[in-house]
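This report refers to the structure that appears directly beneath it.
The values are calculated or read from the model by the stated rules, or taken from the named source; none is laboratory data. Since this is a predicted model, take the numbers as computed values, not measurements. Please note: Cβ atoms are built from the backbone with ideal geometry, for glycine as well, and neighbour counts cover all protein chains shown. Please note that ligands, DNA and RNA were not included when accessible areas were found on the heavy atoms of the full protein model with its side chains. Shrake-Rupley method; radii C 1.70, N 1.55, O 1.52, S 1.80 Å.
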There are 2 protein chains.
Amino acid sequence: MPSYKAPVQDSLFLLNDVFRMDRYGNLPGFEDMSAETLEAILEEGAKLAEEVMHPLNLSGDQEGCTRHADGTVTPPKGFKAAYDAYCQGGWTGLAIDPNYGGQGLPYAVAIVINEFSSASNMALAMYPGLTQGAVAALHTHASDEIKRRYLPKMVEGVWSGTMNLTEPHCGTDLGLLKSKAAPQADGSYKISGQKIFISAGEHDMTENIIHLVLARIDGAPQGVKGISLFVVPKFLVNEDGTVGARNAVSCGSIEHKMGIHGNATCVMNYDGATGWLVGEAHRGLAAMFVMMNEARLGVAVQGLAQSDIAYQNAVIYAKDRLQGRSLTGTKAPEKVADPIIVHPDVRRTLLEIKSFNEAARAFVLWTALKGDVAHKSEDQSERQKADDYMGLMTPVLKGVLTDRGFDNAVKAQQLFGGHGYVEEWGMSQFVRDARIAMIYEGANGIQALDLVGRKLGKDGGRAIMMFFQEVKTFIAENEGNAALKTYLDPLAKSVGHLEQATMWFMANGMSNPDNAGAGSSDYMHLFGLVAMGYMWAMMAKTAQEKLPSANGSQSFYETKLATGRFYVERVLPETSLRLARLSTGSKTMMSLPAEAF
Amino acid sequence: MPSYKAPVQDSLFLLNDVFRMDRYGNLPGFEDMSAETLEAILEEGAKLAEEVMHPLNLSGDQEGCTRHADGTVTPPKGFKAAYDAYCQGGWTGLAIDPNYGGQGLPYAVAIVINEFSSASNMALAMYPGLTQGAVAALHTHASDEIKRRYLPKMVEGVWSGTMNLTEPHCGTDLGLLKSKAAPQADGSYKISGQKIFISAGEHDMTENIIHLVLARIDGAPQGVKGISLFVVPKFLVNEDGTVGARNAVSCGSIEHKMGIHGNATCVMNYDGATGWLVGEAHRGLAAMFVMMNEARLGVAVQGLAQSDIAYQNAVIYAKDRLQGRSLTGTKAPEKVADPIIVHPDVRRTLLEIKSFNEAARAFVLWTALKGDVAHKSEDQSERQKADDYMGLMTPVLKGVLTDRGFDNAVKAQQLFGGHGYVEEWGMSQFVRDARIAMIYEGANGIQALDLVGRKLGKDGGRAIMMFFQEVKTFIAENEGNAALKTYLDPLAKSVGHLEQATMWFMANGMSNPDNAGAGSSDYMHLFGLVAMGYMWAMMAKTAQEKLPSANGSQSFYETKLATGRFYVERVLPETSLRLARLSTGSKTMMSLPAEAF
């Protein structure tokens, strides 16, 4: 049976020591967030993930969800009780506006809890995770009346939320969307159409399910500029907030998926279901994008989370499995063989994962803190800078953390040999669950295009310039620190590659957009490598500062320094390959006619 | 529903045009292998794969194998009939010694058929595939009596074969093997012990199953030098060759695996089963390695095969799926959107797979032809050179083709978006099936160690020196060919990286074997990249020669040249990253205590 231990110490190191959360005390929600309070919250969240959610992970995968003849859906055994515990702990409203029943704590803290939940049981964590995104979209765009009616129950977790975008013929290209909304005399709409791949679309874990649905109002313009967002509850909600009649929305079937079996992925049929407009007519995409961006960060966290739990189990196995002897002579003479962790290739594998996990966690939290600033700062310029970073980093996080997170789950599985291929050991599940994160909320190719085609050039490249400036300033400020040279020199080189790549796009991507498209994925990964290199430089600096006065936790900081060294030696040099690839442009690949493939 | 079209034209191009099989006419089995005969054989094999085996692939995955209470195992519906058709077509004995009922055709031809079979239905193809390996081991090491008794029926496919190495505590490290063999008065042995992960261990598709089992004869030395190989039939075989009493070997359970559900992976219990020694006592590993090496090449082919069928289906989808518009303006104005193959990132993905598949196929056939020479040439020096190459290339092929084959299946799945994650589309199966190929027959980390620790330095590095010499001679001989420069310059650069890496190991790996271990996986991939770069240079040369006189098949050669260009531009530059990584040595990764992971 696989196991899970939430990385509390590592998260505290990042929030307290590296990113100095105490400097954000002027923001609402941060005032009372002392190191002690933070630790207590994370310890509680860890307990829930380890003791309540994780024990249901493997069984949930094996049992899956069941759709009954009447269209109702039952999640795996134990999921409802665990979900209830999650809600009762107040975790659903952690970072949400206290006006609607939330606790108003920092978004960065909620993201830590998201990681713990997703790692311990991704399929289960998705139920409250989607609600969180739906709440964000309603909070930003819905009328007060809608907010008043839906938000408190959603924040409490008594009702859950979904997002309905995809249709059979329409995934990335939402302009093709066909679902219809017919205006009614009372101001409501009748929604008709079919949506597919709807996570948590139907289940019996909450008293109501609040669907956010994209559809076209009769007579709306074609394309994405004719799409509106609607709130469509499974059960209509009475004036007094109680649940009323069943709405005309139902689950037609559930998908047979490669993974996340514990989450009900539904085909949802809307047969004249009653819905209400959220935000302005024909501006539904903007509203949905609030949910989407929130969800993209959540999916990035899923990539990290599966990478981390896969890593943890691989480490346990590598210390336990006796097989062969060290190349440099027997290490455990009292045993029939050495544990496989003596082998350099096993350590290489583990360190590739570990050095990613810790940098990815830093990158996520660094960005989440920008999210707090963007939403809460009173300084307009600070808010704008933070928002620029959020926009720039979201596709990088989503694309890179899920691509690498999946690769890492595969690497961890590999250390188990044949046992990794057998479902009972749980490693296959991590791989199968992690796989979806590369696909949903915008497949990673779309993230790369979003980055290169939209985020890079936005406002004259203001965001990327700010990032270059920040990294270079950090390097310059620490130039005199000889002990940091190991980290800073490779970082400087890699950020140079990113600058060259950016300039290459400016020179070649404008005249021929295919050149940008052809290099988009390499650019996204190049960016991710550099950003995580910067995270390692910051973590190494902090670890060095902490080391002399570390009582009993020297090994934590020493390991941090060695893991960072591995990253800059073995992982970061990939930037030069990414640059070389994208600089070849699109000519060869576009020269072939479609029939030649 | 996924589909499959066997790459007949590509295989003929390689065997006839690039590797000039007509020059091997002096070898037995090649005499009558005219281009027409070869084409007829491949067309027949293609038909079987496409029309008989492939239609059972998805259903076989969904149904899986069933073990009944009495220990019997039923493969998925249709598998037996398809297997019978395979045997009746004579495919089981294609390249096998005519003295035992085989057709004695070139091994390279059998390998082409293996690719078609594995691509069309990997789980089904494994049943005859394992028999093929068992036949090779018996043919090389068993007594005439054993060969006479078992081989003809196995070659015919009426009986199948298995290999039994792994035990619960013992995978890579066969020295830990515990199964026992007690000598009997009549010269037989009583075999006792438990074996796990036994592919095709129990089923009802053949009249008998011939298990090749590693066990220790009572009193044998400890470690790998006390292991012997036994033939243990499911049913004892009478003097007249008919099937007799049931032997004391049974299937205890079948594994719940991530993929290859159609193949029965069994826990096999030997409870004093009667067996006979194959080859010399305590020399069982050498005999099993004949089967193992044959199987490793077969597994390499599985990696290529899954990559190819995943590619084919991704191409169909990319031409069919309408979503968004080309970055350079609408390409299909008559449609609601352009097919996604207009997007550079989709083409990049497809060409990464295609440029691998075609080079991998070449690399496999180039090596298989060495196998023919090694077994059949009358020239001792030719035989030795070919055998050197087989030894050197087998771990590279197994490790690289399965690692990349799996990656490619994942990439192909990615193009399907959410549909790729839904089992009905079949893309998930290619990924799940391909995953095992990185693990079995020696996990890829072991292949890398075999390459670096054993094959590289063998006979003073004779094999690797020969490879360097061959590639450099090719480059030198074609230096004047300006049209080939595109391919030769990057090849020269990459072979230089491989030489540097080899020298780095000589300088640093002898003094500290951990340095070799730490870089072994990077070295293996570096080697694979160079070998496939060499394949592309040879294919490009042939394509250029053929192009002027190509009647109606210009596009085949032009596509070949463009695909090779993509490989040298975008894929081959990875050699420099691999060299950079391995040159960092083992210090950082070995410095950490085990507790630090």
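The table that follows gives values for the structure above.
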read-out	value
Segment A:337-366-segment B:136-154 distance, computed between alpha-carbon centres (Å)	47 Å
Dipole magnitude of segment A:193-340 about its Cα centre (Cβ charges: Lys, Arg +1; Asp, Glu -1), debye to nearest 20	680 debye
On Cα atoms only, tilt of A:485-508 relative to the major axis of chain A in degrees	50 degrees
Rough spin-label spacing in nm, given labels placed 7 Å along Cα→Cβ, for B:M506 and B:K485	3.2 nm
Virtual paramagnetic centre 7 Å along Cα→Cβ of A:S591, amide N under 13 Å, in segment B:474-495	B:483-487
Set of lysines near B:K153 by C-alpha distance (under 22 Å), chain-local residues within fewer than 8 positions excluded	B:K80, B:K234
Gyration tensor (Cα) of the protein assembly as shown, equivalent ellipsoid semi-axes in angstrom	50, 33, 32
Cα long-axis angle, helix B:554-566 against chain B (0 to 90 degrees, to the nearest 10)	90 degrees
Structure-based [θ]222 nm, the protein assembly as shown - -39500 (n - 2.57) summed over DSSP H runs of at least 4, per residue, nearest 500	-17000 deg cm²/dmol
Distance (nanometres) between label positions extended 7 Å along Cα→Cβ at A:A40 and B:E499	6.8 nm
Rounded percent of accessible protein surface that carbon and sulfur make up, segment A:459-592, 1.4 Å probe	53 percent
Ascending list, in nanometres, of distances separating the B:P593 label from those of the other copies (7 Å, Cα toward Cβ)	6.8
10 Å Cβ shell holding at most 15 others, DSSP loop, GluC sites (Glu not before Pro): longest site-free stretch of chain A	A:32-206
Förster-model FRET efficiency, 22 Å R0, A:S583 and A:A492, C-beta, rounded to 0.05	0.65
Residues losing 30 Å² or more accessible surface upon assembly, segment A:249-263, compared with the chain by itself, 1.4 Å	A:H256, A:K257, A:M258
Under 5 Å, built H, 5+ apart or other chain: amide partners of A:G161	A:T131, A:I210
Whole-number accessible area per residue in Å² for segment B:346-429, which is evaluated in the context of all protein chains at 1.4 Å	24 Å²
³J(HN,Hα) computed for each position of segment A:217-223 - Karplus, 6.51 cos²θ - 1.76 cosθ + 1.60, integer Hz, glycine/proline x	5, 3, x, 5, x, 5, x
Inter-copy separations for A:N99, label at 7 Å along Cα-Cβ, nm, ascending	9.1
Portion, in percent, of the accessible area of segment A:20-72 that falls on carbon or sulfur, probe 1.4 Å	47 percent
Protein-protein interface of segment A:426-461, residues with accessible area decrease of at least 40 Å², isolated chain reference, 1.4 Å probe	A:R435, A:I439
Interface size B-A, as summed buried accessible area [1.4 Å probe, Å², nearest 100]	7700 Å²
Under 15 Å from the Cα of A:K335 - aspartates and glutamates, other chains or at least 8 residues apart	A:D320, B:D173
Solvent-accessible heavy-atom area per residue, rounded to whole Å², over segment B:278-328 at 1.4 Å	30 Å²
Part-to-part distance (alpha-carbon centres) for segment A:1-22 and segment A:91-123, which is given in Å	15 Å
Size descriptor, Kirkwood hydrodynamic radius, that averages inverse alpha-carbon separations across segment A:459-592, Å	16.1 Å
Between segment B:402-473 and segment A:174-214, the Cα center-to-center distance that results, in Å	45 Å
Chain A, rotation onto B, residue closest to that axis via Cβ, with its distance in Å	A:L577, 2
Relative frequency of Cα-Cα separations exceeding 31 Å in chain B, percent	51 percent
Accessible area expressed per residue, segment A:459-592, with surrounding protein chains retained (probe 1.4 Å, Å²)	37 Å²
Accessible surface of A:V571 - all protein chains present, 1.4 Å probe, nearest 10 Å²	20 Å²
Cα-centre dipole for chain A with unit charges at Cβ (Lys and Arg positive, Asp and Glu negative), debye to 20	1320 debye
Long-range HN-HN contacts of A:G244 with modeled amide H, under 5 Å	A:L236, A:V237, A:N238
Candidates per trypsin sites (Lys or Arg not before Pro) in segment A:11-89, loop by DSSP, up to 14 other Cβ within 10 Å	A:R20, A:K77
In sequence order, calculated HN-Hα J values of segment A:203-209 (Karplus, 6.51, -1.76, 1.60; Hz; x Gly/Pro)	5, 10, 8, 10, 6, 8, 10
Chain A, relative contact order [Cα under 8 Å, separation at least 6], %	13 percent
Inter-label distance for B:K225 and A:D70, nm, one decimal - labels placed 7 Å from Cα along Cα-to-Cβ	7.4 nm
For A:Q323, residues with placed amide H under 5 Å, excluding near neighbours	A:D338, A:I340
Lys/Arg +1, Asp/Glu -1 at C-beta; chain B dipole; positive extreme among B:G426, B:A448, B:N508	B:N508
Cα lying deepest toward the dipole's positive end in chain A, options A:H282, A:I464, A:S549, charges on Cβ	A:I464
